[in-house]
Amino acid sequence: MTQQRKIIYDIICKSPLHMTAEQIYAEAKRMRPSIAMGTVYRNLGLMAEAGEILRIEMPGRPDHFDKTVAPHHHCVCLKCGAVSDVPIPDLTELLEKHIGSPVTGYDLTVHVLCENCKE
């Protein structure tokens, strides 16, 4: 693993947030001023393809990245775009029961107003 990739991975793993590439780049730039935005994007893509991190695709907004690669769900704030985990169990069995066919995967995003935006 290159030094740049390790920095990017560590930023994602240490953050309580689901960060965007821009946020990751800003943090990486503080740690290693010579890092380029293209390096961050390239490494995020490679890590997501390798299953090391999870890319959360956000229609109309920048993708976010998650250290948790096990299947789980997300809340997205409609106002600020913040992404957080939803603490509910896997729904595969429930979906298969209602659909009547095997489920090979699904994405669940719950749209909310986060605590900060409710105020």
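The values are calculated or read from the model by the stated rules, or taken from the named source; none is laboratory data. Since we're looking at a predicted model, the values are computed, not measured. Cβ placement follows ideal geometry from the backbone for every residue including glycine, while neighbour counts extend to all protein chains displayed.
Determine if the stretch 60-69 includes at least one residue that is assigned by TED's automatic domain parsing to the domain that holds Asp10, more than 12 Å from the chain's Cα centre (by Cα) and in a loop (DSSP other than H, G, I, E, B). Yes: the stretch 60-69 contains one or more residues that are assigned by TED's automatic domain parsing to the domain that holds Asp10, more than 12 Å from the chain's Cα centre (by Cα) and in a loop (DSSP other than H, G, I, E, B). Every condition in (1) surrounded by fewer than 13 Cβ atoms within 10 Å (Cβ to Cβ); (2) assigned by TED's automatic domain parsing to the domain that holds Val112 holds for Ala82 except the one numbered (1). Contact map, the stretch 86-111: first residue assigned by TED's automatic domain parsing to the domain that holds Arg55, second residue surrounded by fewer than 11 Cβ atoms within 10 Å (Cβ to Cβ), Cβ cut-off under 9 Å, separation 6 or more or different chains; the map is empty. Of all residues being in contact with a helix residue (DSSP H, G or I) (Cβ under 9 Å, 6 or more places away or on another chain) and surrounded by 14 or more Cβ atoms within 10 Å (Cβ to Cβ) in the stretch 19-31, which is farthest from Phe65 (Cα to Cα)? Just the residue, please. Among residues in the stretch 19-31 that are in contact with a helix residue (DSSP H, G or I) (Cβ under 9 Å, 6 or more places away or on another chain) and surrounded by 14 or more Cβ atoms within 10 Å (Cβ to Cβ), the one farthest from Phe65 (Cα to Cα) is Lys29.
Taking the conditions exactly as written (surrounded by 15 or more Cβ atoms within 10 Å (Cβ to Cβ) and touching a residue at least 24 places away in the same chain (Cβ under 8 Å)), does Ile11 satisfy them or not? The answer is no for Ile11. The set of residues in the stretch 88-110 being within 15 Å of the chain's Cα centre (by Cα) and exposed (fewer than 10 other Cβ atoms within 10 Å of the Cβ) consists of Asp107 alone. Condition first: at pLDDT below 95 and charged (D, E, K, R). Now tell me which residues in the stretch 6-31 satisfy that. Residues satisfying the conditions do not exist here. Pairing residues of the stretch 40-56 that are over 15 Å from Met1 (Cα atoms) and free of Cβ contacts under 8 Å to residues at least 24 places away in the same chain with residues that are of a type in the set (A, V, I, L, M) and not in a helix (DSSP H, G or I), at Cβ distances under 9 Å and at least 6 apart in sequence or on separate chains, gives Leu54/Val69; Leu54/Ala70.
If only residues of the stretch 32-54 that are among the β-branched types (Val, Ile, Thr) and within 30 Å of Val86 (Cβ to Cβ) are counted, the one that is surrounded by the fewest Cβ atoms within 10 Å (Cβ to Cβ) is Ile53. Scanning the stretch 95-117 for residues that are part of a helix (DSSP H, G or I) and more than 23 Å from Met58 (Cβ to Cβ) yields Glu96, Lys97, His98, Ile99.
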